[in-house]
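Read-outs: derived from the displayed coordinates by stated rules, not from any lab. This one's a predicted model, so the numbers in the text were calculated from it and none came from an experiment. Backbone-built Cβ (ideal geometry, glycine too); neighbour counts: all protein chains shown.
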Ligand code: 4AD
Ligand code: MG
């Protein structure tokens, strides 16, 4: 019977004949193979009968080799594991060159592993991170399905700029050296593949709104692309975003939904990914030991995750937040790179992190931002200067969710678009929603990688997506 390492380690049967596939992590004393197949963070120990094993085979058991082991699952004689395999036969499926195999049984830097991203999931850290990523993805679909949402696939190629920030990757089949030109000398996109200028989507929200206004509750979970030149540990040029959109729901409902959703997916992995979380927690504890006392974390990873699940997110208006920031120590002592002087200032990640990590010490939902620092589609408040926006800020991450109640009034939306030079022709269908049965509706976007960062305690977003795309980097 062929079993996975995970099945073997949790088997309640002993002394059964089994087969197992996997990759050799280590081979010591010509006897003990630590075998891993990706099904769990834990390796299974396979004990080789080296006297009866061909010396040539023994030589080929090196770190990285793919093997098929046949033998008996037995209670372990040694320490550190309760079960092991007494191997009767080992077949080397594919050799590994021990001289050049990049993943040696030693500590590698994350930078080195990024350069070897095709092999990095053969390490404990990256296999744990990617199993958690997969589990979180499942938890997202589970939450929405169980709460009456429909999953919707929004287009990846679009003709609109959903965020109005102009940070888009163009999609074109025109001859780049010699593109057709209009009489005015501009590129003639009527001759382009779609007959118009198109780009990769920065958000599925606008299309999700159309479905919310018929199916009621929908969500998208898809790739999003942003050509912003931010080389930070929290930005990717290609990332995955989860965007629920709900008809007849206002901003307060949106906050409730986001909070319940975040708590649910984090609870899910706390319950289902214990081994991986424990491993990552220990990794962080080790990493902390090399840091000065002041920079060490006050909570373990599990404590941090439980804290989010067990505590209410603090809801604070932008105006209150500005008051706090204006009068806080780092602002008065000019420790912030961007000082907060007046109402209307855009918040930088240093401010967001001060609010979450130093001031409130819990997740924070900031709402009612100044209209002119937020996107065109947000519902204008009665004060005429703020919009029904909300950002959720998480410790160690900063902004993890951005959302809003949408402007449902045709005249107000048209005015806003005109002021920002957004052509009505481009979004005629979006405006139609405000003509035919318009209603209050809201939604938000969660950056999936930022969620994975939080759940795994990884500090660089490049380490929570299989093949990161960032400025100057699209390897693999
Ligand atoms: O705040 P953003 O730009 O909001 C939207 O795109 C809205 N259309 C969402 C909506 O209301 N349906 O992005 C939402 C989230 C951010 O809070 C952040 O977590 C993540 O997406 N995000 C990024 N993650 C990684 N790399 C980037 N470059 C990101 N830009 C945004
Ligand atoms: Mg945002």
Proxy reagent accessibility, fewest Cβ within 10 Å first, across 99, 281, 271: 99, 271, 281
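Could you tell me the convex hull volume per residue, in Å³, taken over the Cα atoms of region 80-163? Could the numbers behind the result be given before it?
Numbers: hull volume 23.2 nm³, N = 84.
Measuring per residue, one finds 277 Å³ for the Cα hull of region 80-163.
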Cα centroid of region 396-443 to Cα centroid of region 204-244, whole Å: 15 Å
Neighbour-count ranking [beta-carbon atoms within 10 angstrom, fewest first] of 218, 140: 140, 218
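Using only helices, what value at 222 nm comes out for the chain when you add -39,500 (n - 2.57) per DSSP H run of length 4 or more and divide by the total residues, to the nearest 500 deg cm²/dmol?
Values: 14 runs with 144 residues, N = 476.
Theoretical 222 nm ellipticity from helices: -9000 deg cm²/dmol.
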q = 0.15 Å⁻¹, region 202-269: log10 I(q)/I(0) [Debye, one scatterer per Cα]: -0.63
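What translational diffusion coefficient, in µm²/s and rounded to a whole number, does the Stokes-Einstein relation yield for the chain at 4 °C and a viscosity of 1.567 mPa s, taking the hydrodynamic radius as the Kirkwood radius over Cα pairs?
Working: Rh = 25.4 Å.
D, rounded to a whole number, is 51 µm²/s.
Antiparallel versus total DSSP beta bridges in region 5-101: what percent is that, nearest 5?
Values: 27 of 31 bridges.
Counting only bridges with both partners in region 5-101, antiparallel ones make up about 85 percent.
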Ranking of 351, 108 by count of other Cβ atoms within 10 Å, fewest first: 108, 351
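Based on the mean of other Cβ atoms within 10 Å per residue, sort peptides 282-289, 365-372 so the most packed one is first. If you can, show how the numbers build up before the last one.
Numbers: 282-289: 13.4, 365-372: 21.0.
With the highest mean Cβ count within 10 Å placed first, the list reads 365-372, 282-289.
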Kirkwood Rh and Cα Rg combined as Rg over Rh, evaluated for region 5-101: 0.94
Cα-based convex hull, region 346-408, per residue volume (Å³, whole number): 77 Å³
